[in-house]
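The values are calculated or read from the model by the stated rules, or taken from the named source; none is laboratory data. In this text the structure is predicted, and so the values were computed from the model without any measurement. Here Cβ is always computed from backbone atoms with ideal geometry, including for glycine, and neighbour counts include all displayed protein chains. Side chains included, ligands, DNA and RNA excluded: accessible areas come from the protein's heavy atoms. Shrake-Rupley method; radii C 1.70, N 1.55, O 1.52, S 1.80 Å.
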Amino acid sequence: MSMPAEVYTGAPLPIDVVSIQSQVIYGGVGNNAAVPTLQAHGLTVAAVPTVLLSNTPHYPSLYGGAIPLDWLRGYLQALRERGGLRTLRAVLMGYLGGAEQVDALTEWLDQLHAEQPQVPVVIDPVIGDHDSGVYVDPAMIRHYREQLLPHAHGLTPNGFELGCLSGLSVENLDQVVIAARSIMGPRAQWVVVTSAAPAHCDFNRIQVAVVTPDEVHIVRHAKVARAPKGTGDLFSAELTARLLEGQPLLPAVRQACRRVMSTIRNSNAVGSGELLLRRKKV
C-alpha cells in the first residue's frame, strides 16, 4: 500500500532574479552565461529555459528544441505556487522559443505586475544581428512590440534589433536615439543599444548608446576581431546585477562593458570558441 507523500512546509526559497532564456548543454550562451554572472553578485536565480539545445546552431550538429508550452507555463506557475516570487527583485528575459511562448510570458508578466508592480523587467530582445540578419521567426518582431515591450523597464537590443523593433533607420547615433525612445513602453526607464550605428564609428571601436527619456550617453570600447557567442547574454546579466546593487545606469553599463571585454579576452587567450566565465575560488 502506498503512503501519502509528505507535505513540506518549510520557508520558500527567496529568489532575487527569474532569468528566462535559452539553455545549452555545451557552451556559454543564454542562462549558461546569465546564471553564473548573477550568482557571482550574490543573487539567487531561478533559471527558466525557453529552449534546451545541445549547443548553438553554428555548429555542424544540433539537438533539442523549444520547451513545450505546457512545461513553460508549469515552470512559471510553480514559482508562484512555491512562494518563490515574494522576494523577487527583477526578471531578465533573453532568447525565446516562439510566438506561443510570448503569449504565455505575457500572461505571466500581467499577473506578476498586478501583484508586484515594482518588479523591473529587463528584456534582451534576441532577434538577429548585422552580420546574420533575422534568425528567429520574423513574426516575433510584432509579438515583441505588442506584448513584451509594454512590460519592459529596460531593454538591451543591439543596433540591428533596434531597427527591427522600431521600424526606423538606425544608421547614425541621432537616429538610434529616436528609435530607442520610440520603443519605450509605459514602464520603460532606459534602452541600452549595443553595437550602435557601427558604420559611424571608428573601425576599431564599438559604440553603446545609453538612452533614457531625458538623457543620452555614448560608451565606446575596443572592438575585437573574434568574439564567442553569448556576449549579449553576459552583458544584460551583468548590467542587471549591477543595477540591483544600486549602481546608476551609466556606471553600470560601463562596468558591464568591461566585464564582457575581459571575458572575451580571457576566452580568446586560450583559443576557446566559447565564452569562459571564470569563477572565484571559495
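How much accessible area per residue does the chain have, counting only protein heavy atoms and a probe of 1.4 Å, in square angstrom?
49
Whole-Hz Karplus ³J(HN,Hα) for region 50-59, in order, using 6.51 cos²θ - 1.76 cosθ + 1.60 and θ = phi - 60°, x for Gly and Pro?
Per-residue couplings from phi come out as 9, 9, 10, 10, 5, 5, 6, x, 7, 8 Hz.
Over the chain, calculate the relative contact order: mean separation of alpha carbon pairs under 8 Å at least 6 apart, over the residue count, as a percent.
The normalised contact order for the chain reaches 16 percent.
Out of every Cα-Cα pair in region 63-125, what percent are more than 16 Å apart?
48
Given q = 0.14, 0.19 Å⁻¹, what are the Debye log10 I(q)/I(0) values for region 196-282, with equal point scatterers placed on the Cα positions and solvent ignored?
-0.54, -0.95
How large a share of the accessible area of region 55-205, in percent, is made up of carbon and sulfur atoms when the probe is 1.4 Å and the other protein chains stay in place?
Taking all protein chains in place, region 55-205 shows 52 percent carbon and sulfur surface.
Once the other residues with Cβ under 14 Å from the Cβ of Ala139 are scored (Lys, Arg +1; Asp, Glu -1), what is the net sum?
Taking every other residue near Ala139 into account, the sum is -2.
Around Pro125, with a cut-off of 11 angstrom between Cβ atoms, what is the net charge of the other residues, counting Lys and Arg +1 and Asp and Glu -1? Kindly include the intermediate steps, with their values, before the conclusion.
Working: positive: Arg145; negative: Asp124, Glu161.
Charge balance near Pro125 sits at -1.
Quickly rank 110-123, 138-151, 88-101, 230-243 as a protection proxy: mean count of other C-beta atoms within 10 Å, highest first.
Most protected by this proxy first, the peptides run 230-243, 88-101, 138-151, 110-123.
Show that you can apply the helix-only estimate: for the chain, add -39,500 (n - 2.57) for every DSSP H stretch of four or more residues, divide by all residues, and state [θ] at 222 nm to the nearest 500.
-10500 deg cm²/dmol
For region 147-201, take every pair of Cα atoms, bin their distances at 10 Å starting from 0, and report each bin as a whole percent.
28, 57, 14, 1
Quick one: compute a quarter of the convex hull surface over the Cα atoms of region 176-239 and quote it in nm².
Seen from a random direction, the Cα hull of region 176-239 projects 5.0 nm² on average.
Just to be sure I understand: if I project the alpha-carbon convex hull of region 240-282 onto a plane and average over all orientations, what area do I get in nm²?
Reported value for the Cα convex hull: 3.8 nm².
Cα convex hull of region 15-66: mean projected area in nm², to one decimal?
3.3
Can you give the convex hull volume per residue for the Cα atoms of the chain, as a whole number of Å³? Walk me through the numbers before you get to the answer.
On the way: hull volume 45.2 nm³, N = 282.
Cα convex hull per residue, to the nearest whole number: 160 Å³.
Taking every pair of alpha-carbon atoms in region 134-282, give the share separated by more than 29 Å as a whole percent.
17
Once you compute Rg and the Kirkwood Rh from C-alpha atoms, what is the Rg to Rh ratio for region 1-124?
That ratio is 1.01, to two decimals.
Which whole DSSP H helices in the chain pass both tests: a Cα extent of 15 Å or more along the axis and a mean Kyte-Doolittle value no lower than -1.0?
On the way: long enough: 69-81 (18 Å, -0.39); 99-115 (24 Å, -0.49); 231-244 (20 Å, 0.54); 249-269 (30 Å, -0.10).
Qualifying helices: 69-81, 99-115, 231-244, 249-269.
Compute log10 of I(q)/I(0) for region 113-174 with the Debye formula, placing one identical point scatterer on every Cα and leaving out solvent, at q = 0.14, 0.17, 0.22 Å⁻¹, to two decimals.
Rounded to two decimals, the profile gives -0.44, -0.61, -0.92.
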